[in-house]
Amino acid sequence: MRSSPSARRRASATEVQGFADLCLRHGPVDGINPTAIQGLSVYRREATTEPGNAVYKPGIFLVAQGRKQAHVGDDTFVYDPENYLVTSVPLPV
């Protein structure tokens, strides 16, 4: 059963900042930062980038700060500290 948006618990500002700090520790440089966990990387960008074409591998995409958009056909998916993106198959964006 899916909960309504108003029923979901939102992360506090302290929790969001803690997550961002954790990501910064494990993603110290721009680009892909592999971690000790196989298959888990922290991707960091210091500045806004121009839209581009890519294929997302299956995964879970979390944003610690800012927001990101993925366009698939006429659909736009926005993910930010309060919304995540999950892909179960390769996704051309």
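The distance between label points at residue 10 and residue 76 comes to 2.1 nm (points 7 Å beyond Cα on the Cα→Cβ vector).
About the centre of its Cα atoms, the chain shows a dipole size close to 300 debye [charges on the beta carbon of Lys, Arg (+1) and Asp, Glu (-1) only; nearest 20 debye].
Extension gain, residue 21 to residue 86, is 21.2 nm, computed as 0.36 nm per intervening residue step minus the present C-alpha separation. The residues neighbouring residue 78, those whose beta-carbon lies less than 9 Å from its own, together hold a net charge of +1 under the Lys/Arg +1, Asp/Glu -1 convention. When the chain is described by a simple charge dipole with +1 on each Lys and Arg Cβ and -1 on each Asp and Glu Cβ, the residue from 70, 18, 34 located farthest towards its positive end is 18. For residue 41, the solvent-accessible surface with a 1.4 Å probe is about 60 Å², rounded to the nearest 10. Of the solvent-accessible surface of the chain, computed with a 1.4 Å probe over protein heavy atoms with every protein chain present, carbon and sulfur atoms account for 55 percent. The packing ranking of peptides 63-70, 27-34, highest mean first, is 63-70, 27-34, where packing means the average number of other beta carbon atoms within 10 angstrom of each residue. Considering helices alone, the calculated mean residue ellipticity of the chain at 222 nm is -5000 deg cm²/dmol, with DSSP H runs of length four and up weighted by -39500 (n - 2.57) and normalised per residue.
Other residues lying with their Cβ under 14 Å from the Cβ of residue 28 contribute a combined charge of 0, Lys and Arg counting +1, Asp and Glu -1. Surface analysis of the chain yields an accessible area of 83 Å² per residue, using protein heavy atoms and a 1.4 Å probe.
The values are calculated or read from the model by the stated rules, or taken from the named source; none is laboratory data. Predicted, not measured: the structure shown is a model, and the values here were computed from it. Cβ atoms come from the backbone with ideal geometry, glycine included; neighbour counts cover every protein chain shown. For the accessible areas, the whole protein counts, side chains as well, though only heavy atoms, and no ligand, DNA or RNA atoms are used. Shrake-Rupley method; radii C 1.70, N 1.55, O 1.52, S 1.80 Å.
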